[in-house]
Number of protein chains: 2
Amino acid sequence: MSKAEILVIDDEPQIRKLLEIALESNDYKVMQAETGKEGIVMAANHPPDLILLDIGLPDKSGHELLKELRAWYNKAIIVLSVQNSEADIVTALDNGATDYLTKPFRTAELLARIRSAIRRNDVQASNSVIVCGNLQIDFAARTVKKDNEPVKLTSTEYNLLTLFAKNEGRVLTHQCILKEIWGVGYQTETQYLRVFVAALRKKIEDNPNQPRHIITESGVGYRFV
Amino acid sequence: MSKAEILVIDDEPQIRKLLEIALESNDYKVMQAETGKEGIVMAANHPPDLILLDIGLPDKSGHELLKELRAWYNKAIIVLSVQNSEADIVTALDNGATDYLTKPFRTAELLARIRSAIRRNDVQASNSVIVCGNLQIDFAARTVKKDNEPVKLTSTEYNLLTLFAKNEGRVLTHQCILKEIWGVGYQTETQYLRVFVAALRKKIEDNPNQPRHIITESGVGYRFV
DNA sequence: TATTCTCTTTATAAAATCTTTACATCCGAA
DNA sequence: TTCGGATGTAAAGATTTTATAAAGAGAATA
């Protein structure tokens, strides 16, 4: 198996150097970009397995860059940010960041995050089918099966379920889900979400009263298991 | 690795001498200042890894000094105070002190506090996963595990726990916690805090009667270990 | 046009969480 | 020891959040 390739987008040379050393000595192939523009070009020419993106870039907001990347790049993006910028982190995760690290970070932590993110890449890429207990989601065929029986979902229900499935185990806030499924203008319409979650549960849960797949996180959002 | 440097700011010569002996024999490099003014100058010229500050200085209130230091100095500041001056301690912690000791103190305790504070200088909650003994907090997924079992927390409980975890080892005053979790209007509602600390302990402590994670600092606040 | 399907909206019941009260317990000081 | 302040705990009440049914609105289809 060939080395996994990582693209580092960061304007600080010393951080790039640090990352280069840490990553290459752990058998990754490292590409480097100093600016957001450069990063986009490199990623487009030769898509890496993972992108390490500093959110505090000078030439264009790291958030903008993240959005642009996410428009077509679907592998892991880990965001680096300075400390005490929780707003940045939340925004980044909402915009599709896979994970984040705040500087200064320990190398061991960085490597662990990278391994985990790349592992998830593989799961997503190799199977276009995700299996969760008695549920099967086939992204290519756009079909869902429960106990091997086909389940008929509306388009919105399907989108919602795939959003959940792609973020298994992680809490998705109401806002985040609404933005993803209905668009940015609908972030206050939590009732839509309730109605559709109820509909989904009716179709995919054995006992919709005691859901085992779509868990409610009261006051926050939902989590898919 | 070079010796960690500690600046002692105290007007009493015998205390300074005591500290000098205790610290140097434990492989710290010690600088001494007799007055607040002198302390500021020394800290500015050559920032130490930790400052031991006597809050009862004669030339200017130790509290004033603490505020001035905190305006630009972001490493550990441990405050020394006489007994029965809880108001002083609370003020100091609210003004950004890292920890406190009341005189007379035992050397072993002083050294333990110093080690812990210096360790935190470089670790500084930088991970998206924090591990504390049998507890795991995953900020990206917004989940908590105890002994690898998921723990169900309400949103307020989760916020409280993450606040603690991000300030591991530090004393957080009641006011400070209330301000952070409930907002500035709630700084007198210490009863909320008691109720929620009790709830959290029930969920994350092995034995809630003898908490090992959330420690009560009577009259001051709580400390997460 | 009538029918079907899906989405949006409203209403209400149910559940979860938060707030408040009451009282128990602990601990240091007199 | 007794007292008083601080803390811990349980539980009732209030409030917020969530679940669910169902009616109405549009669009697509036959």
Notebook entry, point to check: Can you spot a residue in region B:60-72 that is of a type in the set (Asp, Glu) and out of contact with any Ser or Thr (no Cβ under 9 Å at 6 or more places or on another chain)?
Noted result: yes
Margin query: Among the residues that make up region A:176-188, is at least one of them open to solvent by 70 Å² or more (accessible area, probe 1.4 Å) and more than 13 Å from DNA strand C (Cβ to nearest atom)?
Written below: yes
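Let's see how each residue does on (1) surrounded by 17 or more Cβ atoms within 10 Å (Cβ to Cβ); (2) under 16 Å from residue A:107 (Cα atoms); (3) modelled with pLDDT under 90:
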| residue | (1), (2), (3) |
| --- | --- |
| A:3 | no, no, yes |
| A:7 | yes, no, no |
| A:23 | yes, yes, no |
| A:27 | no, yes, no |
| A:46 | no, no, yes |
| A:52 | yes, yes, no |
| A:59 | no, no, yes |
Notebook entry, point to check: touching a Ser or Thr at 6+ places or on another chain (Cβ under 9 Å), within 14 Å of chain A (Cβ to nearest Cβ) and within 16 Å of DNA strand D (Cβ to nearest atom): does that describe residue B:120?
Noted result: no
Notebook entry, point to check: In region B:14-37, how many are farther than 24 Å from residue B:89 by Cβ and free of Cβ contacts under 8 Å to residues at least 12 places away in the same chain?
Noted result: 4
Checklist line | Matching residues, region A:147-171, being within 14 Å of another protein chain (Cβ to nearest Cβ) and open to solvent by 70 Å² or more (accessible area, probe 1.4 Å) | finding: A:166, A:168
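In region B:75-87, what residues are modelled with pLDDT of 80 or more and either part of a strand (DSSP E or B) or of a type outside the set (Lys, Arg) (or both)?
Listed by number, the residues that qualify are B:76, B:77, B:78, B:79, B:80, B:81, B:82, B:87.
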Next item on the list: Kindly indicate the residue of region A:69-114 that is under 18 Å from residue A:20 (Cβ atoms) and of a type in the set (D, E, K, R) and also nearest to the other protein chains (Cβ to nearest Cβ) among those meeting that condition.
Entry: A:109
Next item on the list: Being touching a residue at least 12 places away in the same chain (Cβ under 8 Å) and assigned to a loop (DSSP other than H, G, I, E, B) narrows it down to one of B:199, B:140, B:117, so name that one.
Entry: B:140
Next item on the list: Kindly indicate which of B:185, B:169 is of a type outside the set (A, V, I, L, M, F, W, C), over 21 Å from residue B:77 (Cα atoms) and outside the structural domain of residue B:117 (by TED's automatic domain parsing).
Entry: B:185
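Residues are listed down the side, and each one gets a yes or a no for (1) open to solvent by less than 30 Å² (accessible area, probe 1.4 Å); (2) in contact (Cβ under 8 Å) with a residue 24 or more places away in the chain; (3) under 30 Å from residue A:79 (Cα atoms):
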position: B:67; (1), (2), (3): no, yes, no
position: B:82; (1), (2), (3): no, yes, no
position: B:97; (1), (2), (3): yes, yes, no
position: B:101; (1), (2), (3): yes, no, no
position: B:104; (1), (2), (3): no, no, no
position: B:173; (1), (2), (3): yes, yes, no
Next item on the list: Select from region B:94-117 the residues that are of a type in the set (Gly, Ala, Ser) and within 24 Å of residue B:184 (Cα to Cα) and write down the one among them that is modelled with the highest pLDDT.
Entry: B:97
Next item on the list: Pull up region B:142-175, narrow it to residues that are of a type in the set (Asp, Glu) and out of contact with any strand residue (DSSP E or B) (no Cβ under 6 Å at 6 or more places or on another chain), then point me to the one that is farthest from DNA strand C (Cβ to nearest atom).
Entry: B:147
Checklist line | Only one of B:205, B:180 that is within 14 Å of chain A (Cβ to nearest Cβ) and either free of Cβ contacts under 8 Å to residues at least 40 places away in the same chain or more than 7 Å from DNA strand D (Cβ to nearest atom) (or both) | finding: B:180
Next item on the list: Among the residues of region A:106-116, write down those that are touching a helix residue (DSSP H, G or I) at 6+ places or on another chain (Cβ under 9 Å) and open to solvent by 40 Å² or more (accessible area, probe 1.4 Å).
Entry: A:106, A:107
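The values are calculated or read from the model by the stated rules, or taken from the named source; none is laboratory data. Bear in mind the structure is a predicted one, so any value in this text is a computation, not a measurement. We place every Cβ from the backbone using ideal geometry, glycine too, and count neighbours over all the protein chains shown. Accessible surface is based on the protein model in full, side chains and every heavy atom, while ligands, DNA and RNA are left aside. Shrake-Rupley method; radii C 1.70, N 1.55, O 1.52, S 1.80 Å.
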